[in-house]
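To start, the structure itself, in structure tokens.
Each reported figure results from applying straightforward, stated rules to the coordinates on display, with no laboratory input. Since this is a predicted model, take the numbers as computed values, not measurements. Positions of Cβ are generated from backbone atoms using ideal geometry, with glycine treated the same way; all protein chains shown enter the neighbour counts.
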Amino acid sequence: SGRVGAHYQGEMTLSITSCFDSGNIRVLTLTDSGADLEIVTDHQSDFYQWFHFRVAGAAGRPITLRIVNCAGSAYPLGWPGYRARVSEDRETWTLAETTYADDVLTIRHTPAGNALWIAYFAPYSMERHYDLVARMAALPGVRQRELARTLDGRPLDCLTLGDGPKPVWLYARQHPGESMAEWWMEGALEKLTDPADATARLLREKATFHIVPNMNPDGSARGHLRTNAAGVNLNREWHAPTAERSPEVLAVRNAMDETGVAFAIDVHGDEAIAANFVAGFEGIPSFDPAKAALYARFREALAARTPDFQLEKGYVVAAAGQANLSMSTNQLAERFGAVSMTLEMPFKDHDDNADPVHGWSPARCKTLAHACLDNLAAMIDAL
Ligand code: ZN
């Protein structure tokens, strides 16, 4: 075909691109042994922290990649103690040697093969999302519907399963760079649709699950950290979503108005804290101690159930009456009397049960989802 494909010793040149689904990087300088890089801001926003790119041309050679604009990122405290994920088969993602000093994140790695993929966390592509929705929609008892179109024209998918009276909503990836949230969703859906899982059968009898695996497909495809195609943080829109700014939230909240919400988990990732934790709805105007006790019961039982959850590390709890009702967890608790929570998983690792090879990983997101559902099953009658 006339293409010169051979690489000759001494003439290797690195090639770096992010021109694919959820890609994000800007190349400042490139040598035959590394590059200086910048993460690109979300469109019409100042947020940035998610990166995902491919390096080619380094087979068997040590390379050094420096991300030099970390100081201005959304969560500078996310970088100390963090390690980048690398993969050559795009299935298994492992921790790369990573250091953070003088506001620069330095990643050193020697790829075996020619093409190396590097990301802030194991990516969850839109193609994998559509595969998940199609696989689940084909199973008996699962109803799939499109709640809305996004500003870029993508479908907003919702899967419904179960026939019970308790409306349960699980939704993820309002912040698209938090790809661990959709790995959690894949685990939740696989468990809930497993015909051999007795807990899942009980949940499907007692509850109806409404599941939005990805609330922000535009931001996901665009390689954003935190916002949609209009640069809007969807988890600050729940008090007053609009078709122009936040059609994703408007569609989901309208669907919730039709079903009500007894229990909800909003699934996220946290940049700085090296642990799994939940945040609740303590500061809402109509604070109900009985609902708060159910929330406390959920988190305490989950900590007892799995070493991949803990109670000590997390966010500062809002004072009475100080809840931010633009955030979904508070809005759902106030609007529906729901027992609602924000689940945060780490970009770093769950330090209480660390994995030195993978860090916090897709497989562990999925097993944490299983534990959350077993935990819900044990208290579903109390909701
Ligand atoms: Zn988030």
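Data table
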item	result
Cβ-defined net charge surrounding G23, 10 Å radius [Lys, Arg +1; Asp, Glu -1]	+1
Of K166/K191; K206/K366; K206/K348; K206/K291; K313/K348, pairs whose Cα-Cα distance is over 24 Å	K206/K348
Student exercise, the chain dipole from Lys, Arg, Asp, Glu Cβ charges, in Debye to nearest 20	380
For segment 94-145 versus segment 342-376, the gap between their alpha-carbon centres in whole angstrom	15
Rounded to 5, the percent of DSSP beta bridges in the chain classed as antiparallel	65
13 Å beta-carbon shell around G231, net charge (K/R +1, D/E -1)	-2
Helix-only mean residue ellipticity at 222 nm for the chain, each DSSP H run of n ≥ 4 adding -39500 (n - 2.57), per residue, nearest 500	-7500 deg cm²/dmol
The chain: angle of helix 289-305 to the longest principal axis, Cα-based, in degrees nearest 10	50
Once exposed loop GluC sites (Glu not before Pro) are cut out (DSSP; at most 10 other Cβ, 10 Å), longest piece of the chain	92-243
Order of V232, V40, V68 under a 10 Å beta carbon neighbour criterion, fewest first	V68, V40, V232
